[in-house]
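Student: Here it is, the structure in full.
The values are calculated or read from the model by the stated rules, or taken from the named source; none is laboratory data. Since this is a predicted model, take the numbers as computed values, not measurements. Glycine also receives a Cβ, built like all others from the backbone with ideal geometry; neighbour counts cover every protein chain displayed.
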Number of protein chains: 2
Amino acid sequence: MSEHDAIDLAIMRTLQKNGRISNAELAQKVGLSASACSRRLDILEKSGVISGYHARLSHKALDYKMIAIVHISLSGQFAKTLTEFEAAVRLCPNVLVCYLMSGEYDYILRVAAKDLEDYERIHRDWLSALPHVVKINSSFALREVIDRPNVGL
Amino acid sequence: MSEHDAIDLAIMRTLQKNGRISNAELAQKVGLSASACSRRLDILEKSGVISGYHARLSHKALDYKMIAIVHISLSGQFAKTLTEFEAAVRLCPNVLVCYLMSGEYDYILRVAAKDLEDYERIHRDWLSALPHVVKINSSFALREVIDRPNVGL
DNA sequence: TTCATCTTCGCAAGGACATTGCCAAAGGTT
DNA sequence: AACCTTTGGCAATGTCCTTGCGAAGATGAA
């Protein structure tokens, strides 16, 4: 594992805000020559510190206006049970986030839907069909207060 | 407001998966010449359909290995109460996501911490200090099963 | 239908950019 | 001091991005 100095952090911070900046401009912002900057960026990408770049699309354009938080309990905590559940949940394209959790519920999901009707379909065709589920609890987001891609550096 | 055809959708889908792809490669993937692709992309960006590009940083690589899901209840649902809470929570850099919710709890937060000790600090210095909070419930992620930036188109 | 108009494409060119090799400077170790 | 490792800058070459221009297709009115 490598150490990250101030320049690496500046590269990450800059690319977090503008992931499609040119290498030349990036180099200028962090105070390096283009070649040195390109090499450092290459290391950050290949080591997995920067795991990808993604366009952020306007919610309006995609019509996914509804976010649901879904708490799910399974019938047991056996490895096979968890594995089968996770394999199934990965197939649902509307599930943005899924965590195995400590506490009252086994999994927490963040699900995107176009509207309530769409969510009803997702719930019926996907969530209810997940294996080993004994309890599903859906809550709906009324407002998105924060949605940061990463921790503020 | 413009309509989006299959090519526009292909551009969005591609850039969602790889936001730093070159325009030449993007053009090839969607079946356009580089110039036509560049012009369409320009329109998508300037119209706000694509609102930005962001590098995705590995939380683990940055030593943020711990994700907590925090459920919070406030003392009331008055507009002033919500506004003050939201203004305060926005200041905490460790809060990645915050939704105002329907259901049992008022807010759900996703918080990144380096370790349990770090989370204890965040809880003490930030979360406990949020105004109008009457109940905080923290759960910890044991495993990240899915973390997608956007809905699969 | 026919013509005018608007849109969007592909092609070409020149200007910008990314990458690689090579060498020098800085820092650490024996 | 001598050596080794790391990392930056410069230069060159190949690639890429952008813009102007003309052509093809779509749209609408006479």
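Student: I'd like to know if region B:73-87 contains one or more residues that are surrounded by fewer than 16 Cβ atoms within 10 Å (Cβ to Cβ) and either within 12 Å of DNA strand D (Cβ to nearest atom) or within 19 Å of the chain's Cα centre (by Cα) (or both).
Tutor: The answer is yes; a qualifying residue exists.
Student: Please tell me if B:S51 is within 11 Å of DNA strand C (Cβ to nearest atom) and either farther than 30 Å from B:D115 by Cα or in contact with a strand residue (DSSP E or B) (Cβ under 9 Å, 6 or more places away or on another chain) (or both).
Tutor: Details: within 11 Å of DNA strand C (Cβ to nearest atom): no; either farther than 30 Å from B:D115 by Cα or in contact with a strand residue (DSSP E or B) (Cβ under 9 Å, 6 or more places away or on another chain) (or both): yes.
Against the criterion (within 11 Å of DNA strand C (Cβ to nearest atom) and either farther than 30 Å from B:D115 by Cα or in contact with a strand residue (DSSP E or B) (Cβ under 9 Å, 6 or more places away or on another chain) (or both)), B:S51 does not qualify.
Student: Which number in (1) within 16 Å of DNA strand D (Cβ to nearest atom); (2) within 27 Å of B:L26 (Cβ to Cβ) marks the one condition that A:S58 misses?
Tutor: Evaluating A:S58 over (1) within 16 Å of DNA strand D (Cβ to nearest atom); (2) within 27 Å of B:L26 (Cβ to Cβ) leaves (1) as the failure.
Student: May I pose another question? If you take just the helices (runs of 4 or more DSSP H) that sit entirely in region A:40-153, which of them hold at least 3 residues that are modelled with pLDDT under 95? It would help to see each step written out before you state the result.
Tutor: Values: elements: A:59-62, A:79-89, A:116-122.
Helices (runs of 4 or more DSSP H) meeting the threshold: A:59-62.
Student: Continuing with this model, one more query. Residues in region A:1-30 that are within 20 Å of A:A55 (Cα to Cα) and more than 8 Å from chain B (Cβ to nearest Cβ): how many? Can you show your working first?
Tutor: Initial filter on region A:1-30 (within 20 Å of A:A55 (Cα to Cα)): A:11-23, A:25-26.
The next check asks that each one be more than 8 Å from chain B (Cβ to nearest Cβ); those that pass are A:11, A:13-14, A:21-23, A:25-26.
The qualifying residues number 8.
Student: Only one of these conditions is not met by B:I67: (1) more than 9 Å from chain A (Cβ to nearest Cβ); (2) away from DNA strand D (no atom under 16 Å from the Cβ). Which number is it?
Tutor: It is condition (1) that B:I67 fails.
Student: List the pairs whose first member sits in region B:29-45 and is within 13 Å of B:L9 (Cβ to Cβ), whose second member is β-branched (V, I, T) and more than 7 Å from DNA strand C (Cβ to nearest atom), and whose Cβ atoms are under 6 Å apart, counting only residues at least 6 apart or on separate chains?
Tutor: As it stands, the answer is B:K29/B:T14; B:V30/B:I11; B:L44/B:I50, since those pairs meet every condition given.
Student: Scan region B:14-37 residue by residue and report those that are part of a helix (DSSP H, G or I), within 11 Å of DNA strand D (Cβ to nearest atom) and of a type in the set (D, E, K, R).
Tutor: In the first step, residues of region B:14-37 are kept if they are part of a helix (DSSP H, G or I); the result is B:14-17, B:23-30, B:34-37.
Subsequent filtering for residues that are within 11 Å of DNA strand D (Cβ to nearest atom) retains B:23-28, B:34-37.
The one that is part of a helix (DSSP H, G or I), within 11 Å of DNA strand D (Cβ to nearest atom) and of a type in the set (D, E, K, R): B:E25.
Student: Please specify each residue of region B:84-109 satisfying the condition of being more than 7 Å from chain A (Cβ to nearest Cβ) and under 15 Å from B:L74 (Cβ atoms). Working first, answer last.
Tutor: Quick first cut of region B:84-109, residues more than 7 Å from chain A (Cβ to nearest Cβ) only: B:84-85, B:87-88, B:91-92, B:104-107, B:109.
If the condition is that a residue be more than 7 Å from chain A (Cβ to nearest Cβ) and under 15 Å from B:L74 (Cβ atoms), then B:E84, B:F85, B:A87, B:A88, B:E104, B:Y105, B:D106, B:Y107, B:L109 are the ones that fit.
Student: Can you tell me which of B:L44, B:L74 is touching an Asp or Glu at 6+ places or on another chain (Cβ under 6 Å) and either within 16 Å of DNA strand C (Cβ to nearest atom) or more than 11 Å from chain A (Cβ to nearest Cβ) (or both)? Break it down stepwise before answering.
Tutor: Numbers: B:L44 fails: touching an Asp or Glu at 6+ places or on another chain (Cβ under 6 Å).
Within the list B:L44, B:L74, the selection yields B:L74.
Student: Among the residues of region A:113-121, are any in contact with a His (Cβ under 9 Å, 6 or more places away or on another chain), of a type in the set (D, E, K, R), within 21 Å of B:L100 (Cβ to Cβ) and touching a residue at least 12 places away in the same chain (Cβ under 8 Å)?
Tutor: no
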